[in-house]
1. Just give me the residues in the stretch 144-159 being among the hydroxyl-bearing types (Ser, Thr, Tyr), over 16 Å from GLN205 (Cβ atoms) and open to solvent by 80 Å² or more (accessible area, probe 1.4 Å), in sequence order.
2. Whether any residue in the stretch 46-62 is in contact with a Leu (Cβ under 9 Å, 6 or more places away or on another chain), on the phi < 0 side of the Ramachandran plot and either open to solvent by less than 80 Å² (accessible area, probe 1.4 Å) or among the hydroxyl-bearing types (Ser, Thr, Tyr) (or both) is what I want to check.
3. Tell me the residue from SER139, SER94, SER126 that is touching a helix residue (DSSP H, G or I) at 6+ places or on another chain (Cβ under 9 Å), assigned to a loop (DSSP other than H, G, I, E, B) and open to solvent by 20 Å² or more (accessible area, probe 1.4 Å), please.
4. Report whether or not LEU170 is within 16 Å of LEU118 (Cα to Cα), surrounded by fewer than 21 Cβ atoms within 10 Å (Cβ to Cβ), modelled with pLDDT of 80 or more and of a type in the set (A, V, I, L, M).
5. Modelled with pLDDT under 75 and open to solvent by less than 100 Å² (accessible area, probe 1.4 Å): does that describe GLN73?
6. Within the stretch 60-82, identify whether any single residue is touching a helix residue (DSSP H, G or I) at 6+ places or on another chain (Cβ under 7 Å) and either farther than 26 Å from CYS177 by Cβ or among the aromatic types (Phe, Trp, Tyr) (or both), and answer yes or no.
7. Do you know which residues across the stretch 104-118 are loosely packed, with under 15 Cβ neighbours inside 10 Å and hydroxyl-bearing (Ser, Thr, Tyr)?
Amino acid sequence: MARKNKGSHFWTSYSDLMTNLFFVMLMLFILAIALLHREMVLIGKERDATKAEIEKINEIRNAIQNIDTTYFQYVPEYKKHILKTRIKFRTGSSNINDLDLATQTELLAVRDTIKNFLGNLLEKDSDASYLLIIEGQASKDGYSLNNQLSYERALSLFEFWFPDEESTTLRFFNMPCEVVIAGAGYMEGKPRDTENSSNQRFLIQIMPQSGIIE
């Protein structure tokens, strides 16, 4: 009889152990499902936020392509705006004073056009921030320092637009728009160009800064 009671006690304990293990496994399973669901919700939110950010950036880029065509020509090949203003520097020079008065006056009008355009963009989204890239180019004329010269011409244009201490901030007026000065050496002219001086030009690019759209 004692042996029977001992065996009964064993199976009862074994059954209790299995029951406890079952509940432990069940709780772990429920916890895993809950954590997985939370991660899926977070991934979904991040995906929606990324999609909204991409749509916003594309919207801004499309708007930027509509900048005043009086002064700008959009070139899809380079995804940049070429300034229509005819530029004629002396060989090796980056001095804006080399340009005639009419050209200088037009460049000031270009500055005001960019200012008004950025103002309109910021009215639509006051939390946005932009980069304005001013890229200079030189002629393919054998000058050995064309890469440096093209940068100096871009910097000269910015300093011409902002001749006082504001030019040291590399910002465009008081707007949330940082300015990047760049030089591209020279770029081959199109076949219809009749003189290589057509490579003396400025490329303007406006883009939203990444990570600023919430």
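The values are calculated or read from the model by the stated rules, or taken from the named source; none is laboratory data. Bear in mind the structure is a predicted one, so any value in this text is a computation, not a measurement. So basically every Cβ, Gly included, is an ideal-geometry build from the backbone, and we count neighbours across all protein chains shown. Heads up: the accessible areas ignore ligands, DNA and RNA and are worked out on the full protein's heavy atoms, side chains in. Shrake-Rupley method; radii C 1.70, N 1.55, O 1.52, S 1.80 Å.
1. Residues of the stretch 144-159 that are among the hydroxyl-bearing types (Ser, Thr, Tyr), as a first pass: 144, 150-151, 156.
When the remaining residues are screened for being over 16 Å from GLN205 (Cβ atoms), the result is 144, 156.
Within the stretch 144-159, just SER144 meets the criteria.
2. As a first pass, look at the stretch 46-62 and keep what is in contact with a Leu (Cβ under 9 Å, 6 or more places away or on another chain): 60.
Now restrict to residues that are on the phi < 0 side of the Ramachandran plot: 60.
From what's left, either open to solvent by less than 80 Å² (accessible area, probe 1.4 Å) or among the hydroxyl-bearing types (Ser, Thr, Tyr) (or both): 60.
Within the stretch 46-62 (the criterion being in contact with a Leu (Cβ under 9 Å, 6 or more places away or on another chain), on the phi < 0 side of the Ramachandran plot and either open to solvent by less than 80 Å² (accessible area, probe 1.4 Å) or among the hydroxyl-bearing types (Ser, Thr, Tyr) (or both)), the answer is yes, since at least one residue qualifies.
3. On the way: SER139 fails: open to solvent by 20 Å² or more (accessible area, probe 1.4 Å); SER126 fails: touching a helix residue (DSSP H, G or I) at 6+ places or on another chain (Cβ under 9 Å).
Residue meeting the stated conditions: SER94.
4. Values: within 16 Å of LEU118 (Cα to Cα): yes; surrounded by fewer than 21 Cβ atoms within 10 Å (Cβ to Cβ): yes; modelled with pLDDT of 80 or more: yes; of a type in the set (A, V, I, L, M): yes.
Yes.
5. Details: modelled with pLDDT under 75: no; open to solvent by less than 100 Å² (accessible area, probe 1.4 Å): yes.
Judged against the criteria, GLN73 is not a match.
6. yes
7. THR105
Quick grid of which residues meet (1) among the hydrophobic types (A, V, I, L, M, F, W, C); (2) surrounded by 10 or more Cβ atoms within 10 Å (Cβ to Cβ); (3) within 18 Å of PHE202 (Cα to Cα); (4) modelled with pLDDT under 70:
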{"site": "ASN5", "(1), (2), (3), (4)": "no, no, no, yes"}
{"site": "TRP11", "(1), (2), (3), (4)": "yes, no, no, yes"}
{"site": "PHE22", "(1), (2), (3), (4)": "yes, yes, no, no"}
{"site": "ILE30", "(1), (2), (3), (4)": "yes, yes, no, no"}
{"site": "ARG38", "(1), (2), (3), (4)": "no, yes, no, no"}
{"site": "VAL41", "(1), (2), (3), (4)": "yes, yes, no, no"}
{"site": "ILE82", "(1), (2), (3), (4)": "yes, yes, yes, no"}
